[in-house]
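One structure is given here, and the rest of the page talks about it.
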Amino acid sequence: MQVNFILNGAHRTFDVQPGEFLLETLRNSNILSVKDGCNESTCGACTVLIDGKPILSCSFLSMRAEGHEILTVDGLQDEVAKISALFSDEGADQCGFCNPGLALTTYALKRELKNPTDEEIKQYLVGNLCRCSGYQSQFKAIKRYVRDEQ
């Protein structure tokens with residue numbers, strides 16, 4: 001069956017299997033910036049934005065994407081470059097596996113919450129796990145990004 005959605009600004013049609021998750025659809029189409037982490041909706045590595053909201057693509061059926069706008073880091077290169085530079089400045093870019101999902105969630109956070117408190121930032125990012133860090137460097141970088149301290 002076919003599903004149609006806007007991927008990174010371009011109208012696309014994908015052939016999908018019943019029960020196929022968006023993560024599979026994207027990775028089968030060589031969108032490899034969407035990471036295949038846990039496949040249990042617990043790590044956030046597979047995060048994409050659907051209509052501007054972060055979702056876990058490993059548990060989102062591809063058919064549900066019909067008519068929606070999907071963004072990956074490939075469609076937000078300028079913003080992701082800013083976030084990545086801040087991660088680097090703060091020493092938060094260790095292995096980098098979690099960075100695409102974390103960057104997309106951070107971008108959505110900045111668009112949704114104006115002047116978020118530290119607690120709001122932490123709460124918004126709770127679904128993005130990093131197995132390499134203690135989160136402090138990432139938190140500093142994200143705080144700088146959402147508060148436009150670049």
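The values are calculated or read from the model by the stated rules, or taken from the named source; none is laboratory data. As the structure is a prediction and not an experimental result, all values here were calculated from the model. FYI the Cβ positions are ideal-geometry reconstructions off the backbone, even for glycines, and counts take in every protein chain you see.
The figures follow:
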{"read-out": "When residues of segment 9-27 are limited to those that are surrounded by fewer than 17 Cβ atoms within 10 Å (Cβ to Cβ) and not in a strand (DSSP E or B), the one nearest to the chain's Cα centre (by Cα)", "value": "Gly9"}
{"read-out": "Cβ-Cβ under 7 Å pairs, at least 6 apart or on other chains, segment 16-27 side of a type in the set (Phe, Trp, Tyr), far side in a loop (DSSP other than H, G, I, E, B) and crowded, with 19+ Cβ neighbours inside 10 Å", "value": "Phe21/Phe60"}
{"read-out": "Filtered residues of segment 28-47 (kept if of a type in the set (S, T, N, Q) and either part of a loop (DSSP other than H, G, I, E, B) or touching a residue at least 24 places away in the same chain (Cβ under 8 Å) (or both))", "value": "Ser29, Asn30, Ser33, Asn39, Ser41, Thr42, Thr47"}
{"read-out": "Residue list for segment 92-111, filter: in contact (Cβ under 8 Å) with a residue 60 or more places away in the chain and within 14 Å of Val146 (Cβ to Cβ)", "value": "Thr105"}
{"read-out": "Subset tally (residues that are farther than 22 Å from Leu113 by Cβ and in contact with a Leu (Cβ under 8 Å, 6 or more places away or on another chain)) for segment 46-63", "value": "6"}
{"read-out": "Leading residue by the ranking (farthest from Cys46 (Cα to Cα)) among those in segment 119-138 that are over 16 Å from the mean Cα position of the chain (by Cα) and of a type outside the set (S, T, N, Q)", "value": "Glu119"}
{"read-out": "Among (1) surrounded by 14 or more Cβ atoms within 10 Å (Cβ to Cβ); (2) among the small types (Gly, Ala, Ser); (3) outside the structural domain of Thr25 (by TED's automatic domain parsing), the one test that Ser57 misses", "value": "(3)"}
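Residue-by-condition table, conditions (1) in contact with a Lys or Arg (Cβ under 9 Å, 6 or more places away or on another chain); (2) under 25 Å from Gly75 (Cβ atoms); (3) not assigned by TED's automatic domain parsing to the domain that holds Pro54:
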{"site": "Phe87", "(1), (2), (3)": "no, yes, yes"}
{"site": "Asp93", "(1), (2), (3)": "no, yes, yes"}
{"site": "Cys98", "(1), (2), (3)": "yes, yes, yes"}
{"site": "Gly101", "(1), (2), (3)": "yes, yes, yes"}
{"site": "Leu104", "(1), (2), (3)": "no, yes, yes"}
{"site": "Tyr107", "(1), (2), (3)": "no, yes, yes"}
{"site": "Thr117", "(1), (2), (3)": "no, no, yes"}
{"site": "Lys122", "(1), (2), (3)": "no, no, yes"}
{"site": "Val126", "(1), (2), (3)": "no, yes, yes"}
